[in-house]
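Down below is the structure, laid out as structure tokens.
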Amino acid sequence: MLSSSLLFTCEVGVMYKLLVVDDHPIFRQAITGIIANNFPGSSCLEAESIEATHSVLKEHEDIDLVLLDLNMPSTSGLNGLLELRNEYPTIPVVIISAESEKQQILQTISYGAVGFISKSSSVDTITSSLESIFNGNVCLPSDLIRAPIKPQSSSKNRDFEILPEKMQLLTRKELMVLKYLTQGEANKYIAYEMNISETTVKSHVSSILKKLGASNRVKVVVGSANIDFDQYLKR
């Protein structure tokens, strides 16, 4: 999903304010250097964790783009992305990571990222990818698009299984919230669409996790990807 706030125009002289989130200071320095050299006048803030990211975003509401590492000690996989999309739904997030699994990378887009940039990319590729994102495009590596999806073999990567009898435990509103979650929608958007408070949405999410036996929303979203919600909502 492309945030409505992502309406950049990549022109000479346009200045952007970015936040680079990565636990490796050398990599943060490298990215800020690339941005300084290729986007004159733009500025970069840095954060080494999701916790630090929250502090920066609360103090700087004018951030144009967050560059987020997918895996850091304080968070793993898609959790950090989902957390930022829920708390700051109007701030675009691009993933910059060493992740190479196509399925995982595509999931970052379905969960709200506006692009994915590989850490192994050249300076020119990183620059052109950012230019594309600033111009309002969702950016994915071309070699990734052509690559086949590898079967998930380890138990760590298997999809969380949701049994039909557990789905029957959900109320109609919980089913609607879960359907929105699988579409990558943030809590604020769900609250608006359902005409309920964001606190109520969070309460529904907690109930959904408990009833389905999931430890976090990433698992339940992945496990719900192929569920026919219309079937359950008809009851």
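Rule-based calculations on the coordinates, nothing more; no lab input. This is a predicted model, so every value here is computed, not measured. Counting neighbours? That spans all protein chains shown, and the Cβs are built from the backbone with ideal geometry, glycine included.
Key figures
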| item | result |
| --- | --- |
| Under 13 Å from LYS219, Cα to Cα: aspartates and glutamates that are on another chain or at least 8 residues apart | ASP159, GLU161 |
| SER215 paired with GLN183, simple spin-label distance in nm, labels 7 Å along Cα-to-beta-carbon | 3.0 |
| Virtual paramagnetic centre 7 Å along Cα→Cβ of GLN103, amide N under 16 Å, in the range 213-235 | 218-227 |
| Net charge of Cβ neighbours under 9 Å - reference LEU212; Lys, Arg +1; Asp, Glu -1 | +4 |
| Spin-label model distance (nm) - ASN71 vs ILE26, 7 Å beyond Cα toward Cβ | 1.8 |
| Range of Cα positions in the range 164-233 per principal axis (Å), largest first | 28, 25, 19 |
| Rounded FRET efficiency, nearest 0.05, which uses the C-beta distance separating SER55 from LYS166 and R0 of 35 Å | 0.40 |
| Within the range 70-114, backbone nitrogen closer than 12 Å to the virtual label 7 Å beyond the Cα of VAL138 toward Cβ | 106-114 |
| Simple spin-label estimate for THR125 and THR90 in nanometres, 7 Å along Cα-Cβ | 3.5 |
| For ILE96, net neighbour charge (Lys/Arg +1, Asp/Glu -1) across residues whose Cβ lies under 14 Å away | -3 |
| Set LYS202/LYS234; LYS119/LYS211; LYS17/LYS119 screened for pairs whose C-alpha atoms are more than 30 Å apart | LYS119/LYS211 |
